[in-house]
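As structure tokens, the structure follows; a few thoughts come after it.
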Amino acid sequence: MIRKILIANRGEIAVRVIRTCRELGIKTVAVYSEADRDSMHVKLADESICIGPPEPSKSYLDIPRIMASIEVSSSDGVHPGYGFLSENPKFAEIVEASGKVFIGPSSETLELIGDKIKAKEVARKVGIPLVPGSDGPVDFQKALEIAKEIKYPVVIKSAGGGGGRGIRVVYDEKELREKLPLAMQESKLAFGDERVYIEKYLINPKHIEVQVLADNYGNVITLGERECSIQRRYQKLVEEAPSASIDDSQRKLLEEAVVEFCKAINYRGAGTVEFLMDQEGNFYFMEMNGRIQVEHPVTEMITGVDIVKEQIKVAMGERLSIKKVERRGYAIEFRINAEDPYIFLPSPGKIEKLFLPGGLGIRIDTHIYCGYRIPPFYDSLIAKLVVWGKNREEAIERAKRALEEFVVEGEGLKTNVDFHRRLLATREFRTAKHHVRFLEEMLL
């Protein structure tokens, strides 16, 4: 039985978890850095503990400090949210060894899917197509041989992580020679693992992912797919559910493949299996994320399922409460970032004027408030605007209205709200003809 959960995260996801815990009658403990002393998650939690200075390495990524906070607060479990330590197998293992509950997959599962090469091998075994490329890590000579075989362009990817880090697109041998060591260096700095692999670079694919829930008793259920093709620098900005780009037969094949993959790795909790879809409608396995996703609200909006609640119940040893998923309507999520969207620079500062949209079919997940000072030390995400409509057209019109109402202002503060408005006005987005490199073209 879990009576108290420590949330090893910050910002809107910490607020999100606190709210679900409160509905379950579970006490919460917020941890915070000195820069987050006035953050909303600190105000909402039943207890709060300062875990260090602003730098993530000395606070939110410091495992000993997090573990000490769990012990001091007598928490029964820890919810890692997304980012930070959420997919760190060492952290999960330490939590498990301490007798506490890690609300997520087992440490063994996290280690497996965290290694992109091993995850791809599981996908191969269960019959999921892979993008042509190397079977394992490569050095320059091996990369050169494979690139000649599958033809340029190719993409270099990190074996030990994701999130767009360590990725380099290569168009010829000269670039391969230059970019391979850079990708290996970035991978080592980001993930402590310099191994990289290469794949064929798909031209203008779409990014499709499937949300899954699984318990400890072999039950696996999918909650449908999301399309996340609006990205910049491999970072998602807009997500939709369902995807307007696939049909029911493709959807069925994807979901069946995801169930087989999750059973093969004894998956537990909430997770997402990600795919690329080429221009011919072929799907290729990318990776699995063993955590709650930033974009989970769009799936909740069309299914009515509280994914965080299911996460916690599964961690408590309960069976999945969902037997059949009914999907209704269409939902779109817009990530609202404190940044200059055209040069991708963060824009921290004090919020002096704030108005959040409302009305039918509108959901706002955020940790900001008027007077809140956005710190410069973390991800620039400050809110998620999620809209629902009976269909995609209605959702887009509702989004236009909501974005017109959305006001976040402060001295020197910039956001991407106007950028989203501009996106909605494009013919490519309105007709669902966009792809993962659309924003690069739009910004030219």
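Is there a residue in the stretch 415-433 that is in contact with a Lys or Arg (Cβ under 8 Å, 6 or more places away or on another chain), free of Cβ contacts under 8 Å to residues at least 40 places away in the same chain and not in a helix (DSSP H, G or I)?
yes
Could you check the stretch 67-76 and list, in sequence order, the residues that are farther than 17 Å from TYR32 by Cβ and not in a loop (DSSP other than H, G, I, E, B)?
Within the stretch 67-76, just GLU71 meets the criteria.
Restricting to the stretch 258-287, name every residue that is in contact with a strand residue (DSSP E or B) (Cβ under 8 Å, 6 or more places away or on another chain), part of a helix (DSSP H, G or I) and among the hydrophobic types (A, V, I, L, M, F, W, C).
Scanning the stretch 258-287 gives VAL258, VAL259, PHE261, CYS262.
Confirm whether ILE332 is in contact (Cβ under 8 Å) with a residue 12 or more places away in the chain, under 18 Å from the mean Cα position of the chain (by Cα), under 22 Å from ASN9 (Cβ atoms) and in the same structural domain as ALA244 (by TED's automatic domain parsing).
Answer is no for this residue.
Select, from LEU237, LEU182, LEU189, LEU223, the only residue that is at pLDDT 95 or above and over 24 Å from ILE128 (Cβ atoms).
LEU237
Go through the stretch 173-204 and give me each residue that's under 16 Å from ARG437 (Cβ atoms) and either surrounded by fewer than 15 Cβ atoms within 10 Å (Cβ to Cβ) or free of Cβ contacts under 8 Å to residues at least 60 places away in the same chain (or both).
Within the stretch 173-204, TYR201, ILE203, ASN204 meet the criteria.
Answer yes if at least one residue in the stretch 341-350 is aromatic (Phe, Trp, Tyr) and part of a loop (DSSP other than H, G, I, E, B), and no otherwise.
Yes - at least one qualifying residue is present in the stretch 341-350.
Any residue in the stretch 350-378 that is on the phi < 0 side of the Ramachandran plot sitting within a Cβ distance under 8 Å of a residue that is part of a strand (DSSP E or B) and of a type in the set (Asp, Glu)? List the pairs, counting only those 6 or more apart or interchain.
That search, which allows pairs on different chains as well, returns ILE351/GLU409; GLU352/GLU409; LYS353/GLU409; LEU354/GLU409.
Looking at the stretch 33-49, is at least one residue modelled with pLDDT of 95 or more, more than 26 Å from ASP365 (Cα to Cα) and either touching a Gly at 6+ places or on another chain (Cβ under 6 Å) or crowded, with 20+ Cβ neighbours inside 10 Å (or both)?
no
Would you please name the residue that is nearest to GLY99 (Cα to Cα), looking only at residues in the stretch 1-37 that are part of a helix (DSSP H, G or I) and charged (D, E, K, R)?
Only one residue fits best here, namely ARG22.
Tell me which of these LEU61 doesn't satisfy, since it passes every other one: (1) buried (at least 23 other Cβ atoms within 10 Å of the Cβ); (2) assigned to a loop (DSSP other than H, G, I, E, B); (3) without any contact (Cβ under 8 Å) to a residue 40 or more places away in the chain.
(1)
Going by the structure shown, is GLU428 farther than 21 Å from ALA14 by Cβ, in contact with a strand residue (DSSP E or B) (Cβ under 7 Å, 6 or more places away or on another chain), of a type outside the set (Gly, Ala, Ser) and surrounded by fewer than 18 Cβ atoms within 10 Å (Cβ to Cβ)?
Criteria not met by GLU428.
Any residue at all in the stretch 269-289 that's modelled with pLDDT under 95, buried (at least 21 other Cβ atoms within 10 Å of the Cβ) and closer than 19 Å to GLY161 by Cβ?
Yes, the conditions are met somewhere in the stretch 269-289.
Give the residue that is surrounded by the most Cβ atoms within 10 Å (Cβ to Cβ), with candidates limited to residues of the stretch 143-169 that are under 27 Å from PRO89 (Cβ atoms) and basic (Lys, Arg).
LYS157
The values are calculated or read from the model by the stated rules, or taken from the named source; none is laboratory data. These numbers come from a predicted model, not from an experiment. As a convention, Cβ positions derive from the backbone with ideal geometry for all residues, glycine included, and neighbour counts pool all protein chains shown.
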